[in-house]
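For reference, the structure is listed below as structure tokens.
The values are calculated or read from the model by the stated rules, or taken from the named source; none is laboratory data. Not measured: the values here are computed from a predicted model. Cβ placement follows ideal geometry from the backbone for every residue including glycine, while neighbour counts extend to all protein chains displayed.
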Amino acid sequence: MDRCVVLVDAGYLLGAAASLLAGEPSRSRITVDHSEIVAGLRERAEKETGQPLLRIYWFDGAPDRVPQPEHRRLRVMPRVTVRLGALTRTDGRWAQKGVDAAMHAELSELARNRACSDVVLVTGDGDLLPGMMSAKEHGVAVHLWAVQAADGDFNQSEDLVAEADERRVLDREWITRAIHVREPAGVCAPLTPRPEIAAILSAPLPETAQGAESQPAADQPAEPAAAAPQVVTAERNGTRPSPEAPAATAGRGLVPTPKDVAGIVHRGHSSPHPASPAATGATLRWSSDRGLVGAAEGADATLPTLAQLTSAEQRWADREEDITAVSGDPYEVGQVFARRWIGRLADTSHLQVLSAEYPRVPHRIDGELLRYAARFGLLAHKDDQIDEHDRYAIRAGFWREIDARAVVARASPGE
């Protein structure tokens with residue numbers, strides 16, 4: 001059959017591209033325009049083989065073989081088929097399992113059934129050598145493509161290179177059409193200061209969160225956390241705290257977590273420190289109902305959920321957008337959810353009601369937000385819960401969008 005097929009080992013392609021552009025093979029260091037890279041692969045394959053494309057097979061690993069956002073986008077593109085192996089973590093490093101075997105099986109099956117005349121392999125793994133030899137025995141021309149190595153040397157198996165009928169290199173110019181180094185996230189300026197949050201965060205830690213050696217004397221008030229306002233701003237603006245931050249701050253007595261503060265207020269703990277909630281009258285409101293002070297059931301009962309605001313046609317359109325346009329970044333997920341909720345409100349006064357609840361996301365909306373985020377593979381698969389720092393970023397994106405729209409609404413009340 002006179003047509004070509006492209007088999008892509010995504011771990012090799014994107015890892016080698018990250019090494020070339022960012023100096024290390026971590027895929028988190030790069031951003032990928034998957035539409036552009038698919039178009040580039042198709043154009044080049046058809047040009048170099050002289051045959052029309054049958055299909056691009058994209059082989060990659062995923063935790064528990066659950067499709068990640070990029071896989072969801074790829075598998076709905078024309079002429080693209082996604083095959084997933086497992087992604088496992090050993091000694092702190094991620095490793096693909098089953099990807100090479102799947103590529104070998106697909107290559108052998110295509111050749112045996114004479115489904116194509118030319119196969120393009122984008123890989124560097126020598127484990128595919130038997131599959132390549134089998135394809136050649138069935139009369140298939142094998143083209144091996146390499147990603148330009150950062151050090152100018154080979155990043156492919158020499159046996160694989162020797163066995164290929166044709167070999168080409170995807171150079172830096174070709175790679176940078178679709179792959180770029182990820183820019184470090186900048187810190188946005190806060191929109192509206194919320195001094196009551198600083199008061200809440202500067203409350204003393206509960207007794208259970210501090211070691212006995214770090215407890216202040218009975219007549220000596222605890223030190224306030226000088227960094228509390230900055231922590232609030234960073235969280236709301238989408239900059240993630242470092243992974244060790246929650247445990248470290250609780251132990252050192254710097255900034256109590258929401259759970260710590262909830263414990264203080266829920267137990268009726270009274271502190272002589274002037275910055276504590278008991279002394280200032282500040283009310284604890286967080287993205288949870290745990291330890292909530294005061295009646296907040298009103299907002300939960302009156303604010304509509306996104307599901308209530310969404311028609312069947314909109315639900316279909318949302319799903320299409322999620323698959324094709326939403327990257328799955330936690331901060332972006334929160335923004336998209338908030339944008340849809342705001343855009344479908346018939347009564348814009350709900351926006352001001354929700355804005356007044358900051359930083360607590362009312363329970364029903366918060367649960368819906370996290371369920372929406374779970375669609376994008378943000379679950380920690382051990383316990384089916386979203387990682388704590390991803391939850392910070394999801395809610396930060398949500399609040400950023402709510403605040404931005406609330407400011408516009410207040411500025412133009414007549415519209």
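Applying the condition of being among the hydroxyl-bearing types (Ser, Thr, Tyr) and modelled with pLDDT of 90 or more to segment 303-340 and asking which residue is farthest from Arg400 (Cα to Cα) yields Ser311. Exactly one residue out of Thr31, Thr88, Thr123, Thr49 is in contact with a Cys (Cβ under 8 Å, 6 or more places away or on another chain) and assigned by TED's automatic domain parsing to the domain that holds Ala149: that is Thr49. The number of residues in segment 134-162 that are of a type in the set (A, V, I, L, M, F, W, C) and either exposed (fewer than 14 other Cβ atoms within 10 Å of the Cβ) or in contact with a Pro (Cβ under 8 Å, 6 or more places away or on another chain) (or both) comes to 2. Which of the residues belonging to segment 51-80 are among the β-branched types (Val, Ile, Thr), touching a Leu at 6+ places or on another chain (Cβ under 9 Å) and surrounded by fewer than 17 Cβ atoms within 10 Å (Cβ to Cβ)? Of everything in segment 51-80, just one residue is among the β-branched types (Val, Ile, Thr), touching a Leu at 6+ places or on another chain (Cβ under 9 Å) and surrounded by fewer than 17 Cβ atoms within 10 Å (Cβ to Cβ), namely Val66.
If you check Arg79, Arg114 for being out of contact with any Asp or Glu (no Cβ under 9 Å at 6 or more places or on another chain), in contact (Cβ under 8 Å) with a residue 60 or more places away in the chain and among the charged types (D, E, K, R), only one passes: Arg114.
Applying the criterion of being in contact (Cβ under 8 Å) with a residue 60 or more places away in the chain and of a type in the set (D, E, K, R) to the residues of segment 1-40, the residue that is nearest to Leu107 (Cα to Cα) is Asp9. Just to be sure, is Glu320 assigned by TED's automatic domain parsing to the domain that holds Ala373, of a type in the set (Asp, Glu) and more than 25 Å from the chain's Cα centre (by Cα)? Here the answer is no, as Glu320 does not meet what is asked.
Only residues that are over 15 Å from Val122 (Cβ atoms) and crowded, with 19+ Cβ neighbours inside 10 Å were counted across segment 41-50, and they come to 0. Check whether at least one residue in segment 95-102 is of a type in the set (Gly, Ala, Ser), on the phi > 0 side of the Ramachandran plot, in contact with a strand residue (DSSP E or B) (Cβ under 6 Å, 6 or more places away or on another chain) and modelled with pLDDT under 95, and report yes or no. Yes: one or more hits. Only a single item in (1) at pLDDT 90 or above; (2) assigned to a loop (DSSP other than H, G, I, E, B) is not met by Leu128, and it is number (2). Once segment 341-371 is narrowed to residues that are within 27 Å of Pro63 (Cβ to Cβ) and at pLDDT 90 or above, the residue that is nearest to the chain's Cα centre (by Cα) is Leu369. On inspection, Leu14 fails the criterion of being under 29 Å from Asp151 (Cα atoms) and over 21 Å from the mean Cα position of the chain (by Cα).
Among residues of segment 81-119 being of a type in the set (Asp, Glu) and surrounded by 15 or more Cβ atoms within 10 Å (Cβ to Cβ), the one that is farthest from Gly11 (Cα to Cα) is Asp118. Within segment 17-31, the set of residues being charged (D, E, K, R) and either more than 20 Å from Gly328 (Cβ to Cβ) or more than 20 Å from the chain's Cα centre (by Cα) (or both) comprises Glu24 only. Scan segment 47-82 for residues that are in a strand (DSSP E or B) and of a type in the set (A, V, I, L, M, F, W, C) and the total you get is 8. Based on this model, can you work out whether Ile394 counts as in a helix (DSSP H, G or I), over 20 Å from Ala301 (Cβ atoms) and either modelled with pLDDT of 85 or more or basic (Lys, Arg) (or both)? Yes, satisfied.
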